[in-house]
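All remarks here apply to the structure that follows.
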Amino acid sequence: MISVEVLHDVDTAVALITAGHLCAIPTETVYGLAADAGNSPAIARVFAAKGRPSDHPLIVHVADVSYVGDWIQELPEWAVVLVNAVWPGPLTVVGTRTQVATDDITGGQDTVAVRVPAHPLALELLKKLREQGVLGLVAPSANSFGHVSPTTAQHVVEELGAYLAEHGDAILDGGPCEVGVESTIVLATSDQPVILRPGAITQSDIERITGVQVAEASSDAPRVSGGLASHYAPTANVVLVDAEELDGLPQSVDAESAGLIALSSVPTPTGFTRLSSANTSSEFAAQLYSAMREADRRRLSVIYVVAPTGTGIERAIVDRLSRASVQVEGQ
Ligand code: TXA
Ligand code: MG
């Protein structure tokens, strides 16, 4: 079996992408599966590689805030202030699309999602591609649809390696992702921000930076695939518990097949496999997905998670965990 090419230099990635190949790329949040946003057949292969339904829109990644106008017609003033303050960084804005943002990117919606990632290799790649006329890269998280997002190049090998190898595509290795959960997605089509997906840029960050209050999402807010009931899910069952509930567990469950993800202040129940022990919520987020993968690697059947509490990145953690823990019939 041929194995997928893992790159450490950007120039080979530039050559592959301009030739119409896919390349998984590191970002500060999670690894993305990138293709030239102007190349429809390559975009179609992104959907094929992930097994992603074609009406789920993709995020366009650009090298610099000054390029957002290629993709989004006009941003409200608060959003201009926000992207200038945060980018490069873990924030995506959704705005009214220009003609450059084709239906295969937007899922036929009249809006498009754009971000500038804060990873030196991703930025170098985007800049070099731009010099070759590539206006942006679509890059959904580089996992099979519904699975846990990858936060290392090795995770991408495990998720999509066979497909990428078979098609002559590659993975650019930029080390482990610092943030570990996907970007905050903000709807920027009105005079107030709406958070479509929580992330490391928090509601209070947005309100502090813009001076504008975040509004609740209305029922006609755009679709977010991470908004599906079951998403970000490992094979093991994810069960959210309070620290106090842990004490009684070893008597009632098979400890041999149970794992724990919790802050280091929470002790490991007897017999459980400790999967992560972060000291802060940010560390918890950065370790969360690799801890879930470790549970699957060890063939544990259940992961007990004590989520950190708070209104910052904790909201993103709880959002992902609640979707990972939903049991949908037939899945
Ligand atoms: O951190 C991230 O955002 C990562 C890295 C690779 O940049 N990317 C990522 O992409 O998480 P993906 O495709 O796994 O998630 C993108 C989310 C989807 O839930 C999609 O529905 C939403 O963005 N999205 C994209 N375009 C949209 C639009 N026009 N309106 C509303 N949501 C949109
Ligand atoms: Mg994803």
Practice item. Give me a count of the residues in segment 148-180 that are surrounded by 21 or more Cβ atoms within 10 Å (Cβ to Cβ), β-branched (Val, Ile, Thr) and either more than 23 Å from Ser54 (Cα to Cα) or in the same structural domain as Arg297 (by TED's automatic domain parsing) (or both). Key: 2
**Study point:** Only one of Ala85, Ala49, Ala13, Ala34 that is away from ligand 2 (no atom under 16 Å from the Cβ), buried (at least 19 other Cβ atoms within 10 Å of the Cβ) and either outside any helix (DSSP H, G or I) or of a type outside the set (D, E, K, R) (or both)
**Key:** Ala13
Study note, to complete from the structure: Flagged in segment 1-58 as among the hydroxyl-bearing types (Ser, Thr, Tyr) and at pLDDT 95 or above, in numbering order, are Thr12, Thr18, Thr27, Thr29, Tyr31, Ser40
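Of all residues in segment 74-100, which are β-branched (Val, Ile, Thr) and either closer than 16 Å to Ala113 by Cβ or not assigned by TED's automatic domain parsing to the domain that holds Gln203 (or both)? Please lay out each step first, then the result.
Of the residues in segment 74-100, the ones β-branched (Val, Ile, Thr) are 80-81, 83, 86, 92-94, 96, 98, 100.
Correct list: Val83, Val86, Thr92, Val93, Val94, Thr96, Thr98, Val100.
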Exercise for review: Of all residues in segment 18-31, count the ones that are surrounded by 24 or more Cβ atoms within 10 Å (Cβ to Cβ), more than 18 Å from Gly161 (Cβ to Cβ) and not polar (S, T, N, Q).
Suggested key: 0
Revision key, fill the gap. For segment 139-150, pairs from a residue that is without any contact (Cβ under 8 Å) to a residue 40 or more places away in the chain to a residue that is more than 9 Å from ligand 2 (Cβ to nearest atom) and not aromatic (Phe, Trp, Tyr), with Cβ under 8 Å and 6 or more apart or across chains, are none
Review point. Taking segment 65-75 only, how many residues are free of Cβ contacts under 8 Å to residues at least 60 places away in the same chain and assigned to a loop (DSSP other than H, G, I, E, B)?
Key: 2
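State whether the residues of segment 61-70 include one that is at pLDDT below 95 and within 12 Å of ligand 1 (Cβ to nearest atom).
So in segment 61-70, the residues at pLDDT below 95 come out as none.
Looking through segment 61-70, none of the residues is at pLDDT below 95 and within 12 Å of ligand 1 (Cβ to nearest atom).
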Exercise for review: Determine whether segment 138-151 contains at least one residue that is at pLDDT 95 or above, part of a helix (DSSP H, G or I), closer than 13 Å to Ala34 by Cα and within 16 Å of the chain's Cα centre (by Cα).
Suggested key: no
Review point. Just one of Ala324, Ala291 is under 11 Å from Pro234 (Cβ atoms), at pLDDT below 95 and under 21 Å from the mean Cα position of the chain (by Cα); which is it?
Key: Ala324
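May I ask you to say which residue of Asp220, Asp205, Asp247 is surrounded by fewer than 16 Cβ atoms within 10 Å (Cβ to Cβ), within 28 Å of Ser290 (Cβ to Cβ) and more than 16 Å from ligand 2 (Cβ to nearest atom)? So that I can check it myself, show each step before the final result.
Values: Asp220 fails: within 28 Å of Ser290 (Cβ to Cβ); Asp205 fails: surrounded by fewer than 16 Cβ atoms within 10 Å (Cβ to Cβ).
On inspection, the qualifying residue turns out to be Asp247.
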Practice item. Scan segment 136-147 and give yes if some residue there is away from ligand 1 (no atom under 12 Å from the Cβ), surrounded by fewer than 24 Cβ atoms within 10 Å (Cβ to Cβ) and farther than 28 Å from Val212 by Cβ, otherwise no. Key: no
Revision key, fill the gap. Checked Leu135, Leu164, Leu172 against criteria (more than 16 Å from ligand 2 (Cβ to nearest atom), at pLDDT 95 or above and under 25 Å from Gly95 (Cβ atoms)); the one match is Leu135
Check your understanding: Applying the selection to segment 6-48, what residues are among the acidic types (Asp, Glu) and either closer than 26 Å to Asp103 by Cβ or not assigned by TED's automatic domain parsing to the domain that holds Leu129 (or both)?
Key -> Asp36
Check your understanding: Looking at (1) under 20 Å from the mean Cα position of the chain (by Cα); (2) without any contact (Cβ under 8 Å) to a residue 24 or more places away in the chain, which is the one condition that is false for Pro198?
Key -> (2)
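Please determine whether any residue of segment 53-61 is without any contact (Cβ under 8 Å) to a residue 40 or more places away in the chain and hydrophobic (A, V, I, L, M, F, W, C).
Checked against the condition, which is being without any contact (Cβ under 8 Å) to a residue 40 or more places away in the chain and hydrophobic (A, V, I, L, M, F, W, C), segment 53-61 yields no hits at all.
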Check your understanding: For segment 37-76, how many residues meet the condition of being of a type in the set (Asp, Glu) and on the phi > 0 side of the Ramachandran plot?
Key -> 0
**Study point:** Filter pass, Asp169 being touching a His at 6+ places or on another chain (Cβ under 6 Å) and within 24 Å of Pro234 (Cα to Cα)
**Key:** no
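Those residues that are assigned to a helix (DSSP H, G or I) and either within 16 Å of ligand 1 (Cβ to nearest atom) or at pLDDT below 90 (or both), I need them from segment 207-233; list them, please. I'd like the intermediate steps shown before the answer.
Looking only at segment 207-233, we keep the residues that are assigned to a helix (DSSP H, G or I), and these are 207-210, 225-227.
Those that are assigned to a helix (DSSP H, G or I) and either within 16 Å of ligand 1 (Cβ to nearest atom) or at pLDDT below 90 (or both): Ser225, Gly226, Gly227.
The values are calculated or read from the model by the stated rules, or taken from the named source; none is laboratory data. All figures in this text were calculated on a predicted structure; none of them were measured in a lab. Please note: Cβ atoms are built from the backbone with ideal geometry, for glycine as well, and neighbour counts cover all protein chains shown.
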